[in-house]
Every structure is written in structure tokens, then in C-alpha cells.
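Written out below as C-alpha cells is the structure these notes cover.
The values are calculated or read from the model by the stated rules, or taken from the named source; none is laboratory data. Since this is a predicted model, take the numbers as computed values, not measurements. In this analysis, Cβ positions are derived from the backbone assuming ideal geometry, glycine residues included, and neighbour counts consider all displayed protein chains.
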Amino acid sequence: MYKDEDKLLVRIAEMYYQEDKNQSQISKELNIHRSTISRLLKRSREEGIVTISINYDKAGTYDLEKQLKERFGLEKAIIVQAAPEMNRTQKDKLLASGVGDYLAEILEDEMIIGFSWGETMAAIPEGLGTYTVSNITCIPMIGGPSGRLISDFHVNTITYEASKKLNGRALLIDSPAFPDTVSLKKALMENEFNQELIDYWRKLDIAILGIGSPTLQASESWKQFYGEDVLAYLEGKKVIGDVVSRFFNLEGQHIDNELDDRLIGIDISDLKRTPYRIGIAAMVDKAEAIASALKGGYINVLVTTEETAIEVLKR
């Protein structure tokens, strides 16, 4: 039997942590009661004889995800590991798979899921998996483009394709996001189908949306969706980004503007009431817009790439 208690602590720790013996085996071998073994193992940690370290590098992006959650109060941060040399399409597919995996954790029967439009959003249906849920309803959260947007990026295409993967039903929208006048918007919203959509917007369980940035206004998809008149109007409005065409500033505050009066889309208050607001965006040039969207509480689940996450945390 060991006379020196420190030596005993070391020996028990060695047997437990290095020789992989359980407490019962150690108890029999050293003829010490099992409860004493447990107490001495605890002491060995308290006195620094045993130190336990976690190699976070093995967890890949765990630390970055934790920082994003704590900094912005997120429900979840999902960082996909995309090699820098990957093109936009390849990265979008990884992001979509990240969304699909997360849905496996939260999807339940009877849920209502809203979708926005865009190039990254277009990858979402392909990233969806197989889920054992029923009676899912998929709806667009915004009207269609003012110009000739590529059909794959159209909110109706995304909504419909997602509904097929989810074995659910889709409601599609037959109105532009920005009618020419407020009176035309009112007339369009009076029809029975659009009234039904408004009701669904108020009852959303999950919203899946991209994050826009004025730094990318020159992109062809922005021009095709908004049209030149809307882009011209946004000049000088201190717009940092948008979600479902609701524009916000650097601090994430919604910018009231006359486009809101014309917009056919989910109201910002209804969006913020949605339990799961999944923002999907990955582009270093969008880092400021993403950070501002997080500050404004428009999304509470972020799916992005490692390089974008690093830039967002600098904002």
C-alpha cells in the first residue's frame, strides 16, 4: 500500500486515465473502497496532478461558431468548411447542405416554412434531406422580380422545389415585389389568395432567407430583381443590407422608406416573430451586411463559410 498520498493520487490517476481501468478495477487492485477512488480522482484534478485540455482544433469551426453565437445572441451558428479555391456554386451547395442538416434537428409536422429569392437560395432545395415529417407548407416571403430574373433564382421556383423535397405543399405568389404604385399594391393584396399569404406570414415557423448588400448592386441578379428605378432610389440612403427587401443601416436598424409602402412581402415585425430565422450568406464582401443583419435580429441562425465568419466577427 502506498504511504505517500501524493504518490497514491498519481498512481490512481495513471491507472484511470492512462491504463483505461475503471473505478471498480482500481478499487480491487489497490484494495481501496470505490467511493474513495472517486474522491481521490476528483482531488487529483483539483490539485493539478491531472489536467484536462480540449483540443478545439479537432472541432474545426467550433470556436468560431461559439463566438458568433455569443457575440450576436444566435440560436445557432453553422460554419461550413469551404476551400478558398471553390467557386460560388460549390460553396452554395455546401451552405444548402448545412441548412438541410439543421432542418433535420428542428422540423416538425404541420410547420410553415417561408423562402426568399436569390442565387444562394436557389441551392436550398438540393441541400434538403429526407425527413420524417408531414403536412409541411412552403410559401414565398416576397413577390416576384421587377425584371427578368433567372428562373432558378425566383422565389416561386425555390419554394416549389423545396416543397417537393419535403413532401409538402407550396403556395406560390403571382404578384411583383414592387408594384408601380401603392394603389396597385393595395388592389393586388385585396385578392383572396394574397390575403391567405399574409395570414401565413404571420404564422411562420421557419424563415430561410439570403442577405443582400448594396456593395453588390451592380450584380446582374440585383438588377434583374429590383429594376433600375429601385436601385436608383436606394442611392444615398445609408443602406448596408437587406433581408426580403427590407433595408437596414449599419446598426441593423430598419430604414423606413417609400419602397416599404409598395413592397409585397412579409412585414419586418412578422419576420422577427418567426421562431427560426435562418440566414444563409457567404461572401467576404457581404460581411458588413451580415453583421448588421445579426445586430438587427433579422436572423437568429446563421449559415456561412469560415472565411466569411472571420470577417463578420471583425465588424
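Would you tally the residues in region 144-156 being more than 19 Å from Ile278 (Cα to Cα) and either β-branched (Val, Ile, Thr) or crowded, with 19+ Cβ neighbours inside 10 Å (or both)?
Of the residues in region 144-156, the ones more than 19 Å from Ile278 (Cα to Cα) are 144-152.
Subsequent filtering for residues that are either β-branched (Val, Ile, Thr) or crowded, with 19+ Cβ neighbours inside 10 Å (or both) retains 144-146, 149-150.
Matching residues across region 144-156 total 5.
Residues in region 275-315 that are within 13 Å of the chain's Cα centre (by Cα) and assigned to a loop (DSSP other than H, G, I, E, B): Pro275, Ala281, Ala282, Gly297, Tyr298, Ile299, Asn300. So which residues in region 95-133 are farther than 29 Å from Ile264 by Cβ and in contact with a Phe, Trp or Tyr (Cβ under 9 Å, 6 or more places away or on another chain), if there are any at all? Ala104, the sole residue that qualifies. Taking the conditions exactly as written (in a helix (DSSP H, G or I) and surrounded by fewer than 18 Cβ atoms within 10 Å (Cβ to Cβ)), does Asp256 satisfy them or not? So Asp256 does not fit the description; no. The one condition from (1) at pLDDT 95 or above; (2) over 16 Å from the mean Cα position of the chain (by Cα); (3) not small (Gly, Ala, Ser) that Ile150 does not meet is (1). Filtering region 157-200 to residues that are surrounded by 21 or more Cβ atoms within 10 Å (Cβ to Cβ) and among the hydrophobic types (A, V, I, L, M, F, W, C) leaves Ile158, Ala162, Leu166, Ile173, Ala177, Phe178, Leu197.
With (1) touching a helix residue (DSSP H, G or I) at 6+ places or on another chain (Cβ under 6 Å); (2) of a type outside the set (Lys, Arg); (3) assigned to a helix (DSSP H, G or I) as the list, and Ser269 as the residue in question, which single condition is left unmet? Unmet for Ser269, out of (1) touching a helix residue (DSSP H, G or I) at 6+ places or on another chain (Cβ under 6 Å); (2) of a type outside the set (Lys, Arg); (3) assigned to a helix (DSSP H, G or I): (1).
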